[in-house]
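Below is one structure, written out as structure tokens, with a few remarks after it.
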Amino acid sequence: LGIVPQGSGNGLARHLKVPLGLSGALRRLAAPTLSRIDVGRINGHPFFCTAGLGFDAHVAQHFARAGSRGLSTYLRVTLREYRRYRPVPVEVELNGQRRATDCYVLAFANASQYGNDVYIAPRADLRDGLLDVCLIDALPVVRAFRVSLAMALGNLPETRAAEYFHTAHAHVRAGAPLGFHVDGDYLGHATEFTVELLPLALAVAV
């Protein structure tokens with residue numbers, strides 16, 4: 001895979017430190033160094049940075065309809081939909097254990113960020129054979145402020161605003177249809193999700 005960053009967030013390019021400018025990215029591709037990275041898969045759909053259930057997928061759905069791209073549009077959609085979204089009860093199975101919880105956000109991170117240096121899992125490693133799983137069961141106003149600030153600063157795991165797990169496989173059952181996304185692209189709703197990691201499955205020019 002060669003990357004020419006032309007997206008609205010460019011999370012994978014930022015994580016791999018690929019130049020964001022067109023000329024710099026093309027120079028990198030002219031004399032590439034290849035490095036293998038893990039690839040995630042949710043319900044058969046591959047992802048490289050993140051896949052998510054809940055509010056981030058809900059925002060991705062409405063962001064796609066917004067008519068414009070970019071960080072300002074994403075923030076506007078996020079603030080508007082925050083007032084409307086309600087979490088869904090789920091049962092999460094990972095590492096041989098089951099847990100019943102509410103899902104405001106359940107993110108499976110292969111790389112550290114969504115994009116635009118917004119870090120959902122700053123400790124994630126593209127080559128460790130594991131996904132960093134971030135669970136937020138509810139997001140009242142005070143916690144929402146803490147989460148937003150911590151994601152910008154890259155220290156969300158150090159707060160008590162989210163829980164983290166590591167796994168190569170997960171299964172989720174939702175009590176109602178739950179939206180999901182891969183790498184920021186909304187894919188639809190489902191009530192069951194199978195998530196897996198394919199170790200070092202992709203060679204990337206870095």
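Quick one: how many residues across segment 130-153 are open to solvent by less than 20 Å² (accessible area, probe 1.4 Å) and closer than 19 Å to Phe108 by Cβ?
Residues flagged as open to solvent by less than 20 Å² (accessible area, probe 1.4 Å) and closer than 19 Å to Phe108 by Cβ within segment 130-153 amount to 8.
Determine which member of the set Asp137, Asp132 is farther than 30 Å from Arg36 by Cβ and acidic (Asp, Glu).
Numbers: Asp132 fails: farther than 30 Å from Arg36 by Cβ.
Exactly one of Asp137, Asp132 is farther than 30 Å from Arg36 by Cβ and acidic (Asp, Glu), namely Asp137.
Mind listing whichever residues of segment 31-55 are modelled with pLDDT under 95 and farther than 14 Å from Leu16 by Cα?
The one that is modelled with pLDDT under 95 and farther than 14 Å from Leu16 by Cα: Ala31.
Has segment 57-79 got at least one residue that is modelled with pLDDT of 95 or more, outside any helix (DSSP H, G or I) and either in contact with an Asp or Glu (Cβ under 6 Å, 6 or more places away or on another chain) or not polar (S, T, N, Q) (or both)?
no
Scan Arg84, Arg41 and give me the residue that is open to solvent by 40 Å² or more (accessible area, probe 1.4 Å), closer than 29 Å to Glu192 by Cα and assigned to a loop (DSSP other than H, G, I, E, B). Show your work before the answer.
Working: Arg41 fails: assigned to a loop (DSSP other than H, G, I, E, B).
Arg84 is the lone residue from the list that is open to solvent by 40 Å² or more (accessible area, probe 1.4 Å), closer than 29 Å to Glu192 by Cα and assigned to a loop (DSSP other than H, G, I, E, B).
So Glu93 ticks every box in (1) modelled with pLDDT of 95 or more; (2) crowded, with 23+ Cβ neighbours inside 10 Å but one. Which box is left unticked?
Result: Glu93 fails condition (2) only.
Quick one: would you say Ala100 is within 16 Å of Asp56 (Cα to Cα) and open to solvent by 20 Å² or more (accessible area, probe 1.4 Å)?
no
Being hydrophobic (A, V, I, L, M, F, W, C), open to solvent by 60 Å² or more (accessible area, probe 1.4 Å) and either assigned to a strand (DSSP E or B) or in contact with a strand residue (DSSP E or B) (Cβ under 9 Å, 6 or more places away or on another chain) (or both) is true for just one of Leu26, Leu12, Leu20, Leu53. Which residue is that?
Residue meeting the stated conditions: Leu20.
Got a sec? Which strands (runs of 3 or more DSSP E) wholly within segment 112-194 have at least 1 residues that are at pLDDT 95 or above and over 30 Å from Val206 (Cβ atoms)? Break it down stepwise before answering.
Values: elements: 113-115, 131-136, 163-167, 169-182.
Qualifying strands (runs of 3 or more DSSP E): 131-136, 163-167, 169-182.
The values are calculated or read from the model by the stated rules, or taken from the named source; none is laboratory data. Quick caveat, the model's predicted, so the values are computed rather than measured. Glycine gets a Cβ as well: all are built from the backbone with ideal geometry, and neighbour counts include every protein chain shown. Surface areas here come from the heavy atoms of the whole protein model, side chains and all, with no ligands, DNA or RNA. Shrake-Rupley method; radii C 1.70, N 1.55, O 1.52, S 1.80 Å.
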